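For reference, the structure is listed below as structure tokens.
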Amino acid sequence: LRAMAALPELAPADANHILHSTSVISQADYAPDFNKTLAPDVPRDKLDRTAIFYRTFDPSSLETLRMADKPSSIFIGEREIRQRDDLETEGWTWRALDRGGILKIRHDSGHAVKIMK
């Protein structure tokens with residue numbers, strides 16, 4: 001896992017993977033196998049559009065993920081964060097690869113992260 005965190009291109013391209021976080025990940029659910037306890041965080045009508053839901057222990061964190069597809073949007077709690085050129089401020093970046101890409105997320109206040117398809 002440390003090698004994949006250092007070089008995310010090593011992670012399998014056909015599935016989504018959380019590779020690194022500066023905070024402890026206390027819960028992680030990947031589509032289509034969501035935990036039934038997500039009901040308060042992901043409404044039933046949005047489950048089919050959710051790729052990954054996870055929680056960090058700290059409200060401020062930086063995560064690196066290998067994704068099969070670029071997300072359409074990312075939410076911290078109910079607040080959407082923007083795609084950016086860098087992570088100097090809260091937001092997310094996408095680096096496309098031949099298959100899939102590398103997603104980096106910075107959030108400064110919030111524990112619940114929803115990555116939408």
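The values are calculated or read from the model by the stated rules, or taken from the named source; none is laboratory data. Note that the structure is a prediction, hence the values are computed from the model and not measured. Cβ sites come from the backbone with ideal geometry, for glycine too, and all protein chains shown count toward neighbours. Keep in mind that these areas ignore ligands, DNA and RNA; they rest on the heavy atoms of the full protein, side chains included. Shrake-Rupley method; radii C 1.70, N 1.55, O 1.52, S 1.80 Å.
Could you tell me which of the residues Ala112, Ala68 is closer than 19 Å to Ala11 by Cβ, touching an Asp or Glu at 6+ places or on another chain (Cβ under 7 Å) and not basic (Lys, Arg)? Exactly one of Ala112, Ala68 is closer than 19 Å to Ala11 by Cβ, touching an Asp or Glu at 6+ places or on another chain (Cβ under 7 Å) and not basic (Lys, Arg), namely Ala68. For Gly91, are the conditions met, namely being closer than 21 Å to Ala5 by Cα and open to solvent by less than 10 Å² (accessible area, probe 1.4 Å)? Spelling it out, Gly91 is indeed closer than 21 Å to Ala5 by Cα and open to solvent by less than 10 Å² (accessible area, probe 1.4 Å).
In segment 5-28, the qualifying residues are those that are crowded, with 18+ Cβ neighbours inside 10 Å and not β-branched (Val, Ile, Thr), and the one that is farthest from Leu97 (Cα to Cα) is Ser21.
Candidates are the residues of segment 69-80 that are open to solvent by 70 Å² or more (accessible area, probe 1.4 Å) and in contact (Cβ under 8 Å) with a residue 40 or more places away in the chain; the one that is nearest to Ala31 (Cα to Cα) is Asp69.
Within segment 1-30, the set of residues being assigned to a loop (DSSP other than H, G, I, E, B) and touching a helix residue (DSSP H, G or I) at 6+ places or on another chain (Cβ under 8 Å) comprises Ala11 only. Beta carbons closer than 7 Å, at least 6 apart along the sequence or on distinct chains, pair a first residue in segment 81-92 that is closer than 7 Å to Arg106 by Cα with a second that is among the β-branched types (Val, Ile, Thr) for Leu87/Thr93; Glu90/Ile81; Gly91/Ile81; Trp92/Ile74; Trp92/Ile81; Trp92/Ile105. Pairing residues of segment 15-35 that are without any contact (Cβ under 8 Å) to a residue 24 or more places away in the chain with residues that are open to solvent by less than 50 Å² (accessible area, probe 1.4 Å) and assigned to a strand (DSSP E or B), at Cβ distances under 6 Å and at least 6 apart in sequence or on separate chains, gives Tyr30/Ile52; Asn35/Asp29. For segment 99-110, the condition holds for no residue, the condition being that it is of a type in the set (A, V, I, L, M, F, W, C), out of contact with any helix residue (DSSP H, G or I) (no Cβ under 6 Å at 6 or more places or on another chain) and either over 25 Å from Asn35 (Cα atoms) or open to solvent by 50 Å² or more (accessible area, probe 1.4 Å) (or both). Across segment 41-65, what is the total count of residues that are more than 25 Å from Arg95 (Cβ to Cβ), open to solvent by 10 Å² or more (accessible area, probe 1.4 Å) and not acidic (Asp, Glu)? Result for segment 41-65: 6. Asp86 falls short on exactly one of the conditions (1) over 10 Å from the mean Cα position of the chain (by Cα); (2) open to solvent by less than 70 Å² (accessible area, probe 1.4 Å); (3) of a type outside the set (Lys, Arg), and that condition is (2).
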